[in-house]
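No lab work stands behind these numbers, since they all come straight from the coordinates. Please read all numbers here as calculations on a predicted model, not as lab measurements. Cβ sites come from the backbone with ideal geometry, for glycine too, and all protein chains shown count toward neighbours.
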Amino acid sequence: MKLDESTILTTSKSPIGAYPLSIAPMMDRTDRHFRYFMRQITKRTLLYTEMITSAAIIHGDCQRLLGFSPEEKPLSLQVGGDNPLHLAECARIAEDMGYDEINLNVGCPSSRVQDGNFGACLMMQPGKVAKCVEAMIKATSLPVTVKHRIGVDECDRYEDMVNFVNIVAQSGCQSFTVHARKAWLQGLSPKENRHIPPLRYGDVHRLKQDFPHLFIEINGGFTSLEQVQQQLQFVDGVMIGRAAYDNPYLFANSDRIIYGEDIIPPTRHQVVEAMYPYIDYWTSQGLKLNKITRHMLQLFAGQPGTKAWKRLLTENSCRVGATSEVVRAALGRVN
C-alpha cells in the first residue's frame, strides 16, 4: 500500500531529511549535560531530549525541563501525549524555545505511558495519532516527526505498520523513525522490549520502498558507523540508542564519514578538556559535578586506564564543592 501524495496536508517549511544520523531519546540519559558532552564529539548528529509529557511541558518549569545550550543544536524535542490541543501547544513552545524539530513518541512501551494512553499503545490508534500530528503541524513551522515501533502485541503484521504510516502521513507527517522491534505491552519490561523481540530490519527497508517520498529512519541494535553506512543503502537515516551512551566516542568520526566534513576528529583528551568551562559554569551555579560526569564515564571504554577514570570520577564527583579539578585529575590517569 502506498500513500496518495495528493492527500498530504501542508507540512512545515523546514527541510526534512537533513540528518542521516541521530542519537535516540533515552530516559535518564539524554539530558542537556549529556547532549553538551556529545557535541564535543559530533557537531552534526541530530540529538534528542528525553521524552517529556505534554502535561509537564505545559504546566511545568519550561526552562528547567526544556532549557538547552545553543551548542546542543541541532536538537529535537520528543514529547509524549495524545491530546491534539496540548500537543499543538507543545509544538508552539518548542518553536519559541528554538528547537529544530518536535517528535511524537509512539514507541515507548512502559506502563506509565500506557496508563496515560501515549507511547506504543497509540500505534493501535493511528487516527488519533494523525489528529495529533495534524494539530502540531498547524501550530508550528518546525518539522513534526513520529517515532514508533514496527508493531505492538498481536498487531505486528507488516500490513499493520503500513496502515499506521499511511494514515499518519496523510495528516502531513513526512518523517518516521522506526524501532525495528515490536513492543509487548504486557509481559515484558521496557528494558526487555529493547532486546527480546527480534529485530526485523527488512520490514523497515520495505517500508522505505513502499513510501519513497517519506523520510524513513531505522533504529534498533546498531553499534558502529559501519552498520550505519550499510543501513543508509536502504533507508534515509539511522538512529543509535544505548550504544551512544555505552561508547560515546564511536561518534568521533561521524561528521567526517556520515556528513562528509573535512575535519580531524577530536581526541578523547580534547573532548574532556573542552568540557572544563562548561563544568566550571554549572558547578559554580550549585550543580553537583556527578550530574555531568555520569555521562562521561564511558568516554574511554576499551582504552587503557578506563577503570581508573571511572573510579576517580565516581568516587569524587559526588562530593560537595567538586569542580573540574576532579576531571583533570581523572584525565591524568588515562593514556
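Couple of notes before you dig in:
- Check: the chain dipole with +1 on Lys, Arg Cβ and -1 on Asp, Glu Cβ, in debye: 980
- Length added when fully stretched, THR267-ASN163, from 0.36 nm per residue minus Cα-Cα: 32.8 nm
- Ranking of TRP184, TRP309 by neighbouring Cβ atoms within 10 Å, starting from the fewest: TRP184, TRP309.
- Residues TYR281, TYR249, ranked from the fewest to the most other C-beta atoms within 10 Å, line up as TYR281, TYR249.
- Percent of Cα pairs in the range 268-331 per distance bin of 5 Å, from zero to the largest separation: 3, 20, 34, 26, 12, 4, 1.
- Our summary gives the range 268-331 a relative contact order of 40 percent, counting only alpha carbon pairs under 8 angstrom and 6 or more residues apart.
- 5 angstrom amide H check on ILE150, placed H, neighbours 5+ away: HIS179, ARG181, LYS182
- In a DSSP loop and with at most 13 other Cβ atoms within 10 Å, the trypsin sites (Lys or Arg not before Pro) in the range 276-335 are ARG319.
- Candidate cross-link partners of LYS208 among the lysines, defined by an alpha-carbon separation under 28 Å and a same-chain spacing of 8 or more, comprise LYS2, LYS13, LYS43, LYS73, LYS128, LYS131, LYS138, LYS147, LYS182, LYS191.
- Percentage relative contact order, the chain, counting C-alpha pairs under 8 Å, at least six apart: 17
- Contour excess over end-to-end distance, with Cα ends at THR314 and LEU65 and 0.36 nm allotted per residue: 87.1 nm
- When DSSP beta bridges are restricted to pairs lying wholly in the range 14-257, around 5% turn out antiparallel.
- Computed [θ] at 222 nm, deg cm²/dmol, the chain (DSSP H ≥ 4; -39,500 (n - 2.57); rounded to nearest 500): -11000 deg cm²/dmol
- Close amide-amide hydrogen proximity is noted between ALA24 and ILE240, GLY241, each under 5 Å apart and 5 or more residues distant or on a separate chain (H modeled in the peptide plane; Pro and chain starts excluded).
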